[in-house]
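The values are calculated or read from the model by the stated rules, or taken from the named source; none is laboratory data. The structure presented is a predicted model; accordingly, all values stated were derived computationally and were not measured. Ideal geometry is used to build each Cβ from the backbone, glycine not excepted, and the neighbour counts take in all protein chains shown. The accessibility values were calculated without ligands, DNA or RNA, using every heavy atom of the protein model including side chains. Shrake-Rupley method; radii C 1.70, N 1.55, O 1.52, S 1.80 Å.
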Protein chains: 2
Amino acid sequence: MNPDIIKERQNASFDVEKVTYILDGGPEKTKRKREIETLVINDPDFDEVDPNFLSRSERYDQAVRKSAQMILKIREYGISDPEEIYFYKSSVHPGRPEPLDLHLGMFLPTLLNQATPEQMDKFFMPAWNLEIIGTYAQTEIGHGTHLRGLETTATYDPATQEFVLNSPTVTSIKWWPGALGKTSNHAVVLAQLHTQGKCCGLHAFIVQLRHMDTHEPLPGVMVGDIGPKFGFSEVDNGFLKMDNVRIPRINMLMKYAKVEPDGTYLKPPSAKLTYGTMVFIRSLIVGQSAISLAKSCTIAIRYSVVRHQSEIRAGEPEPQILDYQTQQYKLFPLLATAYAFTFVGQYMSQTYHRITGDINQGDFSELPELHALSAGLKAFTTWTTNAGIEVCRMSCGGHGYSRSSALPDIYVEFTPTCTYEGENTVMMLQTARHLVKSYRQAKAGQQLSGIVSYLNDTERHHVQANPASSRPIVVDINDPSNLVESYKLRAATLVELAAKSIQRELQMRNSQEDAWNNSAIDLVRASDAHCHYVVVKLFTEKLSEIGDTAIHSVLSTLALLYALHGITQHSGDFLQAGLLTVPQMQQISGRVKELLCTLRPNAVALVDAFDFHDKKLNSVLGRYDGNVYENLFEWARKSPLNATEVHESFHKYLKPLRSKL
Amino acid sequence: MNPDIIKERQNASFDVEKVTYILDGGPEKTKRKREIETLVINDPDFDEVDPNFLSRSERYDQAVRKSAQMILKIREYGISDPEEIYFYKSSVHPGRPEPLDLHLGMFLPTLLNQATPEQMDKFFMPAWNLEIIGTYAQTEIGHGTHLRGLETTATYDPATQEFVLNSPTVTSIKWWPGALGKTSNHAVVLAQLHTQGKCCGLHAFIVQLRHMDTHEPLPGVMVGDIGPKFGFSEVDNGFLKMDNVRIPRINMLMKYAKVEPDGTYLKPPSAKLTYGTMVFIRSLIVGQSAISLAKSCTIAIRYSVVRHQSEIRAGEPEPQILDYQTQQYKLFPLLATAYAFTFVGQYMSQTYHRITGDINQGDFSELPELHALSAGLKAFTTWTTNAGIEVCRMSCGGHGYSRSSALPDIYVEFTPTCTYEGENTVMMLQTARHLVKSYRQAKAGQQLSGIVSYLNDTERHHVQANPASSRPIVVDINDPSNLVESYKLRAATLVELAAKSIQRELQMRNSQEDAWNNSAIDLVRASDAHCHYVVVKLFTEKLSEIGDTAIHSVLSTLALLYALHGITQHSGDFLQAGLLTVPQMQQISGRVKELLCTLRPNAVALVDAFDFHDKKLNSVLGRYDGNVYENLFEWARKSPLNATEVHESFHKYLKPLRSKL
């Protein structure tokens, strides 16, 4: 164990294990998580070569091997709780998506949700037993976010009682679905249904792509991998071009909408149910943001106490890099953010489950707010984390660029969350739509409840009374509830600003749609402020649940840092709205520096509490024992380029050059 | 040619070719650049497989092949101007570093600058003819920025008149030098010189690493590749561990410092000359920032006019994505930044050459300011560009993640500039040191000249008089000179704030060093504001050189957008310093939106003016002809995973699974 890191752990003022319980949601969860991790880590069937040393094809091959093992073992051990399956999977493929993700996470659930009993009989068991391996093919090469724009067609032929699937244009080629390229032999294909000469909109069809035995593509099916990407090297994201591919009528998923044998189309009763799935996935992404940021902070902070560099005082030994104020300023606000997002993730998951109960009882009242919140928070947390991972990486000096640090991998595997499951700007605008709608309702005299209740007219007047006032809202910059109030009023101000921009545009005789587009910058800004308020609020509320004094103290410091640092980053908003004065802003900058000092002795303990096993972190720089350099050297020596002392290119190109010059 | 992109080009209000001349530095430069590019692009010896389809070893192999060809052809064509060599090289290896970079860019220049005539006789011609292939080995596994911390030793043995080189610890292993792993047979090694029982500090030694014929490492030399990284896959960044490696006395570079045969050490006369090289390299990096950001904007903006998505007005066809205000808001400020950085790069290069003339005549007076400026601007431009590339990538939706977009490659090849040649935070603090020193000089009554003259006391009083004043400095938000003034006073305020923080710390009886470290956040902020001021100033000044009315108009719009957008991003600073009022700030937000609309019709023409040949851009999304989707499909089909219809993993793992479940 590196002596520096031992000393850091001795300095901690709180019980690390207890914080882990808080982060995991209770000691039982921590215990079970570790049991499952141990099961995987000690299993030689999951040994692997560092994927960074492999070619794309070898990476895919290794991942398929491990995924196949994973399926066998999960069933062998009888692990059935979804959360436990997730732990198992994320131990087998730490931080990496894998080739069966879509089969398990989309194909099977789609069957469960949208198949009729007859269809379940036909497809479910073969899929459960991985004879059928499926994916979910929605996006096309020219179409992403906008579902109505999808071009793939499924035309019903009553003569044969079949649907005929086609990719009529280049832009209609299915593109991106994971596991579509090589792994799957079936796909749920989203296509525009045509029957009896009419287009009935988007529906889901089960299409067999490959021969069950030979795995060769079937006639009319052109399928393959979309090529190398930024990350996701283990997954064969694929393309699919269909030329008159015929499937039986039963292959349209008909739990809701139906096409009868004669081609008569029956509409689905309601579209609200699909809403819930999106909310669920976006809530999960908030949790993933927390994990990716927590991993990055763990690596950067541990390495920053092991790494000595330059000098603060002339002649003295090189200090730990974490003693530099600039390093603390890079990392501690992110550490606070990782805690904040963990608690937001917990809240989202609890709220989702609570509301799901309501929905099952027919009460959809809270769904719009949760939908809007999950969209905005998905964007807010992924953007913040995306940038934060890179700050962590660059805080590690040169070694942050080495694949051995794990930080490049964390980044490339995480960054797609900003785009998939709802592009972030689109997400922010969805939240904004809810905010502006609520604002107008309040303005029209309706009393709002829930998170947006701050838009109620009475509350808003409070702000409007004194723009750029000398009587600020915040009276005590150390009082979290004052700060929550301040974030709330900032959000209210910005929602109002956006709503007024739309109004102004309308007064200039622009259409509703142009008014919206011409206010989009303000709308995104309002959503961002709303989400920021929610995060500050939830972090502050979490503190009240914590009984242990030492833990309460350190988490309060983190929460205060999160709130105050956020204010310094958006000081213009707070000043413009008259929520803070110029002298207070200077006080806050000073306070942020003090909080960095306060956190310094607990930094390593706070990342230890995230409880990432070395095998899951997979980072030479972030090792628990701090023995960085010897292991970096050992890792490098395994690099494929070192398989021979002399690379063949010397004899092929460099040596012959001598005689030519 | 895609019809959308044709229409865009028809909308342009100015002559694109003329803007290219401005960006290149004159029509002759553009002409010569294109001649050299054509030479490379039409040369079948430089044909290549997309590196993204190759393994690391294959990428390295391909790069060595092309580099060897490149050397032959540059000499064959008699290209000798450094700028032209750079064009040639960057056409052969577009956007990628290559295995001979260090030999050409560091090893040969080091010989030229630091070798005695006798050493030139011995080493130069073999190096010129690539018998000797060298690199420059400075950083160690545990040591980067802080040169005094390097641990490698070179101990003089007068008995044999040799130096004995050692890597005494794990942390002393040489780490990161490009081409050290596999390519080089020699290295300039930086080591602590020990002679006559004393350590005489860091000196440079030529060490032979590998056998001239077999290329096998010599006894005592352990050398290899440091393993895969985030980018730089063509380069064998390496490690070197030396165990009593003996080299003759003549292998210490002795143009300045000397060790005599008996071991007597003679100090070098001055250290100022190495200063100049750093300034030069950092100036180059400013130019590289401009290029990388310009490439990213070209790709994102061209794709944004070809790509149609969602709807603004219900029922109408999907609009071009560039018609969304949010998309313009992401891309146009970056486009303006790419222009700004191009002009800053031109200024840095001109200033460097001007001052080099002065230096050669013994006048070092301007060097400290240029040194401080180049450090800060290196950090400012690379940080901005680093984040900007990712904004461009994410503005392309899912396809931005595909390696075919080129954006992931642009990012990973660029991001190391934030760390190498001076870590950015360290750079900002270097600039801050100059600013605080200048501030104190002004305070002590000295009259400052040059860029920092705004710190003269009289100017500063102007600001101090009215903090949070209602009489702002900016009277016309459309007047660039008003805005330059405002940026200047913001910088002055923040330098003063940082200087006062140090003072306060000193009054609290902290040491000079601790006072500095405890003010580091403020110091970085001050440097950042200083650099921002310089960029706004240089961009504004550039406008006065432009005679063509149409071009002057569009570049003025860009300059205005750059300045106003920067104000909105740092509104807190401008409000706190009383440089702008709250109503002005709202006016500016509105004006930014108007400028986005104004630029919209010229967006494609403005990126066309960067004049990147498709082969150099190497991006399916950024193609000049806009034919994105068919080429994306074609590219994907070449993916190695598509070499066979069925991947072997199906037969190895997936099919056997069926019988086990």
Open item on the list: Please go through the range A:566-596 and give me each residue that is touching a residue at least 40 places away in the same chain (Cβ under 8 Å), under 17 Å from A:T326 (Cα atoms) and open to solvent by 20 Å² or more (accessible area, probe 1.4 Å), ordered by number.
Closed with: A:R591, A:K593
Task: Residue count, the range B:109-131 (criterion: within 14 Å of chain A (Cβ to nearest Cβ) and either open to solvent by less than 10 Å² (accessible area, probe 1.4 Å) or in contact with a Leu (Cβ under 6 Å, 6 or more places away or on another chain) (or both)) - done: 4
TODO: Scan the range A:202-218 for residues that are touching a residue at least 12 places away in the same chain (Cβ under 8 Å) and either part of a strand (DSSP E or B) or open to solvent by 10 Å² or more (accessible area, probe 1.4 Å) (or both) and jot them down.
DONE: A:L202, A:H203, A:A204, A:F205, A:I206, A:V207, A:Q208, A:R210, A:H211, A:M212, A:L218
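Each row is one residue, and each column tells you yes or no for (1) modelled with pLDDT under 90; (2) β-branched (V, I, T); (3) in a loop (DSSP other than H, G, I, E, B).
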residue: B:T326; (1), (2), (3): no, yes, no
residue: B:K330; (1), (2), (3): no, no, no
residue: B:T337; (1), (2), (3): no, yes, no
residue: B:T342; (1), (2), (3): no, yes, no
residue: B:R354; (1), (2), (3): yes, no, no
residue: B:G357; (1), (2), (3): yes, no, no
residue: B:D363; (1), (2), (3): yes, no, yes
residue: B:A372; (1), (2), (3): no, no, no
- [ ] Would you mind telling me which numbered condition in (1) within 30 Å of A:I477 (Cβ to Cβ); (2) open to solvent by less than 30 Å² (accessible area, probe 1.4 Å); (3) in contact with a Lys or Arg (Cβ under 8 Å, 6 or more places away or on another chain) A:A603 fails?
- [x] (3)
- [ ] Go through (1) at pLDDT below 95; (2) closer than 28 Å to B:A387 by Cβ; (3) within 20 Å of the chain's Cα centre (by Cα) one by one and return the number of the condition A:T382 breaks.
- [x] (1)
Task: Filter result for the condition that a residue is closer than 30 Å to B:V344 by Cα, in a helix (DSSP H, G or I) and in contact with an Asp or Glu (Cβ under 9 Å, 6 or more places away or on another chain), over B:I281, B:I250, B:I299, B:I291 - done: B:I281
Open item on the list: Given the criterion buried (at least 17 other Cβ atoms within 10 Å of the Cβ), in contact with a Leu (Cβ under 9 Å, 6 or more places away or on another chain) and touching a residue at least 60 places away in the same chain (Cβ under 8 Å), identify the matching residue among B:D225, B:D236.
Closed with: B:D236
Open item on the list: Just to be sure I understand, how many residues within the range B:164-205 are in contact with a helix residue (DSSP H, G or I) (Cβ under 8 Å, 6 or more places away or on another chain) and β-branched (V, I, T)?
Closed with: 5
Open item on the list: Taking the conditions exactly as written (hydroxyl-bearing (S, T, Y) and open to solvent by 10 Å² or more (accessible area, probe 1.4 Å)), does A:S556 satisfy them or not?
Closed with: yes
Open item on the list: So A:N52 ticks every box in (1) part of a helix (DSSP H, G or I); (2) in contact (Cβ under 8 Å) with a residue 24 or more places away in the chain; (3) open to solvent by less than 30 Å² (accessible area, probe 1.4 Å); (4) within 25 Å of A:L130 (Cβ to Cβ) but one. Which box is left unticked?
Closed with: (4)
Open item on the list: Conditions first: (1) open to solvent by 20 Å² or more (accessible area, probe 1.4 Å); (2) assigned to a helix (DSSP H, G or I). A:Y88 passes all but one, so which condition is the exception?
Closed with: (1)
Task: Pairs, first more than 17 Å from A:Q62 (Cα to Cα) and more than 7 Å from chain A (Cβ to nearest Cβ) in the range B:633-661, second open to solvent by 20 Å² or more (accessible area, probe 1.4 Å) and in a helix (DSSP H, G or I), C-beta under 7 Å, six or more apart - done: B:K638/B:F53
Task: B:G626 more than 7 Å from chain A (Cβ to nearest Cβ), closer than 18 Å to B:D409 by Cα and of a type outside the set (D, E, K, R) - done: no
- [ ] Quick one: in the range A:506-523, of everything that is of a type in the set (D, E, K, R) and at the interface with another protein chain (Cβ under 10 Å from one of its Cβ atoms), which residue is most open to solvent (accessible area, probe 1.4 Å)?
- [x] A:E513
Task: Complete set of residues in the range A:150-166 that are surrounded by 20 or more Cβ atoms within 10 Å (Cβ to Cβ) and within 13 Å of chain B (Cβ to nearest Cβ) - done: A:L150
Task: Only one of B:I551, B:I546, B:I521 that is farther than 24 Å from B:W383 by Cα and either in contact with a Gly (Cβ under 8 Å, 6 or more places away or on another chain) or part of a helix (DSSP H, G or I) (or both) - done: B:I551
Open item on the list: When you scan the range A:4-21, do you find a residue that is under 19 Å from A:F343 (Cβ atoms), out of contact with any Lys or Arg (no Cβ under 9 Å at 6 or more places or on another chain) and among the polar types (S, T, N, Q), even just one?
Closed with: yes
Open item on the list: Among the residues of the range B:402-415, are any touching a strand residue (DSSP E or B) at 6+ places or on another chain (Cβ under 7 Å), open to solvent by less than 10 Å² (accessible area, probe 1.4 Å) and within 10 Å of chain A (Cβ to nearest Cβ)?
Closed with: yes
Open item on the list: Report every pair of residues separated by at least 6 positions or lying on different chains whose Cβ atoms are under 6 Å apart, first residue within the range A:314-329 and more than 12 Å from A:D4 (Cβ to Cβ) and more than 9 Å from every other protein chain (Cβ to nearest Cβ), second hydroxyl-bearing (S, T, Y) and assigned to a loop (DSSP other than H, G, I, E, B).
Closed with: none
TODO: With the checklist (1) within 13 Å of chain A (Cβ to nearest Cβ); (2) among the polar types (S, T, N, Q); (3) assigned to a helix (DSSP H, G or I) in hand, flag the one item B:S310 doesn't pass.
DONE: (3)
TODO: Provide a single number: the residues in the range B:416-442 that are open to solvent by 10 Å² or more (accessible area, probe 1.4 Å), part of a helix (DSSP H, G or I) and without any contact (Cβ under 8 Å) to a residue 40 or more places away in the chain.
DONE: 2
Task: Of the criteria (1) within 17 Å of A:G238 (Cα to Cα); (2) part of a helix (DSSP H, G or I); (3) within 14 Å of another protein chain (Cβ to nearest Cβ), which one A:M106 fails - done: (3)
- [ ] Answer yes if at least one residue in the range B:69-80 is farther than 20 Å from A:K660 by Cα and surrounded by fewer than 19 Cβ atoms within 10 Å (Cβ to Cβ), and no otherwise.
- [x] no
TODO: Tell me, please, whether a residue that is crowded, with 24+ Cβ neighbours inside 10 Å, among the aliphatic types (A, V, I, L, M) and either in contact (Cβ under 8 Å) with a residue 24 or more places away in the chain or within 14 Å of chain B (Cβ to nearest Cβ) (or both) can be found in the range A:379-396.
DONE: yes
Task: Whichever residue in the range A:524-542 is within 12 Å of chain B (Cβ to nearest Cβ) and not charged (D, E, K, R) and, among such residues, is most open to solvent (accessible area, probe 1.4 Å) - done: A:V524
- [ ] Please list, ordered by first then second residue, the pairs with beta carbon atoms under 6 Å, 6 or more apart or interchain, first in the range A:497-513 and under 24 Å from A:A577 (Cβ atoms), second open to solvent by 40 Å² or more (accessible area, probe 1.4 Å).
- [x] A:E505/A:N518
